[in-house]
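Report on one structure; see the data block that follows.
The values are calculated or read from the model by the stated rules, or taken from the named source; none is laboratory data. Keep in mind that this is a model prediction, so the values were computed, not measured. Methodologically, a virtual Cβ is constructed for each residue, glycine included, from the backbone with ideal geometry; neighbour enumeration extends over all protein chains shown.
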Amino acid sequence: MKKLFIVSTFGFLICLLLSSCYDNPSATNNINDEFIRPLAIGNYWIYDIDTTAVHHALFYSDTMRVVSYDNLNGNPAYGIKYNTGYTYYFNNKSDGQYYYEPMLHDTTYEYLPMLFMKYPISINDTINILFTYNLKCVSTNATFNGFSGCIDLIPLEYGGDSTYFHSYWKPGIGFIGSDSYFLGRHHIDRLIAYRVN
């Protein structure tokens, strides 16, 4: 059960791996190492998803698109819509990218910022990500899926000897993909097309 929860959690992280409108300030999100994942309306990422993975039965998504720039209770944030129909909100700050967690109060939502991806990041740095799950940086110059200079993140707890998970991020592009092994099966998800401004 613990392994299934861990894999489901990673599936959710991969899917994330997604008020009034403002003008799109794309000039503040130029392609460079200042941002782990540039955010501007029109940006998109398309993935080749290994659908044999257990967690994709619940958390399948192969396309992420930035569709809006919104004001969430005074917090500016970009809406990333997944092909499953859900929209999640993120913004870049000086210490990394933040996810805005919706918290229901009576009949309205309050959006609380939570650190989603620390950046800049160094080897052995940890990220206390959603579900209070800890990921550790084991490389800032890994190669995955033809992309060099990637950040490689692994969980601090594997959930068993037969389970491992690597999440790869390329500064200036975003989530490149993941490589995992669960219940005797190898699963790889890869970025196959993207546009970032």
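Just to verify a result, which residue in the range 61-98, among those that are in a strand (DSSP E or B) and of a type in the set (D, E, K, R), is farthest from the chain's Cα centre (by Cα)? Per the stated criteria, the residue is Asp70.
For the range 99-143, which residues satisfy the criterion of being assigned to a loop (DSSP other than H, G, I, E, B) and surrounded by 15 or more Cβ atoms within 10 Å (Cβ to Cβ)? Listed by number, the residues that qualify are Tyr119, Ile121, Asp125. What are the pairs, 6+ residues apart or on separate chains, where a residue within the range 177-197 that is within 18 Å of Met64 (Cβ to Cβ) has its Cβ under 7 Å from a residue that is surrounded by fewer than 15 Cβ atoms within 10 Å (Cβ to Cβ) and of a type in the set (A, V, I, L, M, F, W, C)? That search, which allows pairs on different chains as well, returns Val196/Ile31. Taken over the range 104-125, the criterion of being among the polar types (S, T, N, Q) and at pLDDT below 90 is satisfied by Thr107, Thr108. Look at the range 85-108: where a residue is of a type in the set (Asp, Glu) and a partner is buried (at least 19 other Cβ atoms within 10 Å of the Cβ) and not in a loop (DSSP other than H, G, I, E, B), sitting 6+ places away or on another chain with Cβ atoms under 7 Å, you get Asp95/Lys118; Glu101/Tyr111.
Consider the range 156-174 and keep the residues that are touching a helix residue (DSSP H, G or I) at 6+ places or on another chain (Cβ under 9 Å) and surrounded by fewer than 21 Cβ atoms within 10 Å (Cβ to Cβ). The one that is modelled with the lowest pLDDT is Ser162.
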